[in-house]
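I have placed the structure first, in the form of structure tokens, so that the comments after it can refer back to it.
The values are calculated or read from the model by the stated rules, or taken from the named source; none is laboratory data. This is a predicted model, so every value here is computed, not measured. Using ideal geometry, Cβ is built from the backbone for each residue, glycine included, and neighbour counts are taken over all protein chains shown.
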Amino acid sequence: MTAALPILRSLRDWYCPNCGKTDQTREARPHVRYHTCPKLRFLSAPMLPVGTKAKVEVHEREDYIGKGLPRLDENGRPLMNLETTRDDGTDLMVYAPTATLHGSA
């Protein structure tokens, strides 16, 4: 006699504290849901598990740019990072400038 075992699937609810978008995932492994947030200059921003109190902010670069190719927002302003602040810590997504190479072959 064989017994059928149910397959348990993890259901996780997500929300964006800036634009209010909600979503659900069914991934059992640890993961983070991202979305293109219109309130965060259309950057790919993390969504938070429902019930998590946090804020997500974009910080502009404040240093000299020179010949680097930084990440720009929709208005052409250079961006430094996207910061998620919770009671138990901070996460940063840093936008490093793209390197360039000049020369001849």
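Note on segment 41-50: residues that are modelled with pLDDT under 95 and not in a strand (DSSP E or B) total 2. Counting the residues of segment 17-47 that are farther than 17 Å from ARG77 by Cβ and among the aromatic types (Phe, Trp, Tyr) gives 1. The listed residues are HIS59, HIS31, and the only one of them that is in a strand (DSSP E or B) and either among the hydrophobic types (A, V, I, L, M, F, W, C) or without any contact (Cβ under 8 Å) to a residue 60 or more places away in the chain (or both) turns out to be HIS59.
All conditions in (1) more than 23 Å from ALA96 (Cα to Cα); (2) loosely packed, with under 12 Cβ neighbours inside 10 Å; (3) aromatic (Phe, Trp, Tyr) hold for TYR64, with the sole exception of (1).
Taken over segment 67-78, residues that are out of contact with any Asp or Glu (no Cβ under 6 Å at 6 or more places or on another chain) and surrounded by 10 or more Cβ atoms within 10 Å (Cβ to Cβ) amount to 7. Where residues in segment 78-105 are among the acidic types (Asp, Glu) and part of a strand (DSSP E or B), which of them is nearest to LYS67 (Cα to Cα)? Checked segment 78-105; the qualifying residue nearest to LYS67 (Cα to Cα) is GLU83. The requirement of being within 17 Å of the chain's Cα centre (by Cα) and farther than 30 Å from LEU101 by Cα is not satisfied by VAL58. The one condition from (1) of a type in the set (Lys, Arg); (2) free of Cβ contacts under 8 Å to residues at least 12 places away in the same chain; (3) surrounded by 12 or more Cβ atoms within 10 Å (Cβ to Cβ) that LYS39 does not meet is (2). Any residue at all in segment 81-97 that's surrounded by fewer than 13 Cβ atoms within 10 Å (Cβ to Cβ), free of Cβ contacts under 8 Å to residues at least 12 places away in the same chain and among the aliphatic types (A, V, I, L, M)? Within segment 81-97, one or more residues are surrounded by fewer than 13 Cβ atoms within 10 Å (Cβ to Cβ), free of Cβ contacts under 8 Å to residues at least 12 places away in the same chain and among the aliphatic types (A, V, I, L, M). Restricted to segment 45-56, and to residues there that are touching a residue at least 12 places away in the same chain (Cβ under 8 Å) and small (Gly, Ala, Ser), the residue that is surrounded by the most Cβ atoms within 10 Å (Cβ to Cβ) is ALA45.
All conditions in (1) at pLDDT 95 or above; (2) in a strand (DSSP E or B) hold for GLY20, with the sole exception of (2).
Might you check whether a residue that is at negative phi and in contact with a Cys (Cβ under 9 Å, 6 or more places away or on another chain) occurs anywhere in segment 48-56? Among the residues of segment 48-56, at least one is at negative phi and in contact with a Cys (Cβ under 9 Å, 6 or more places away or on another chain), which makes the answer yes.
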